[in-house]
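Encoded as structure tokens, the structure appears first; notes follow it.
Laboratory data are not the source of any read-out in this text; all were calculated from the coordinates shown. Owing to the predicted nature of the structure, the values given are computational and were not obtained by experimental measurement. FYI the Cβ positions are ideal-geometry reconstructions off the backbone, even for glycines, and counts take in every protein chain you see.
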Amino acid sequence: MLGETSNRTVYLALGPTDMRKSIDTLAALVQVSFKLDPFCESLFVFCNRQKNKIKILRWDYDGFWLYYKRLEKSRFQWPGKGEDAVAVVDYRQFRWLLDGLSPRQPRAHEEVKTRVIM
């Protein structure tokens, strides 16, 4: 289910989120605090204070999905809260985050935007 989301925008809720929050509370947080539409085709990702649990909120055409992951021995490289409450990352950066890497990899290969074959 999560694999079919590679073309969606991913929003990270910066800073810690209480993992007791339900779908309705997370959707309200997206709408009120982040000024975003929880019904759009995006992923909204939240992390706890210990950085070992995440929840992903996603709208499907007739309801919300809520994905939950708990790491047993490691931590997510979650960005801290700065001036903004939310950060936008692409799907590739999101996958790095799930794999335990920073979403801002300094040595990642640059995207090739040239669309000419010689």
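Taking 0.36 nm per residue of separation and subtracting the Cα-Cα distance, full extension of the segment from I117 to F39 would add 24.2 nm. Per-residue Karplus couplings for the stretch 112-117, computed as 6.51 cos²θ - 1.76 cosθ + 1.60 with θ equal to phi - 60°, are listed in order as 8, 9, 5, 10, 10, 9 Hz, Gly and Pro entered as x. As a length-normalised measure over Cα pairs under 8 Å and 6 or more apart, the relative contact order of the chain settles at 28 percent. Would you calculate, for the chain, the mean residue ellipticity at 222 nm contributed by helices, counting each DSSP H stretch of 4 or more residues as -39,500 (n - 2.57) and dividing by all residues, to the nearest 500? Calculated from helices alone, the mean residue ellipticity at 222 nm is -4500 deg cm²/dmol.
Distance between the 7 Å Cα→Cβ label points at R104 and K51: 1.3 nm. Helix 23-32 and the long axis of the chain differ in direction by around 70°, with both axes built from C-alpha atoms. Lys-Lys pairs in the chain that are eight or more residues apart or on separate chains and whose Cα atoms lie under 30 Å of each other come to 23. Here the extension length gained between S22 and Q77 equals 17.5 nm, from 0.36 nm per residue of separation less the Cα-Cα distance. Dipole magnitude for the chain: about 580 debye, using +1 per Lys or Arg Cβ and -1 per Asp or Glu Cβ, origin at the Cα centre.
The shape of the stretch 2-98 comes out rounded: with a ≥ b ≥ c from the C-alpha gyration tensor, a/c is under 1.5.
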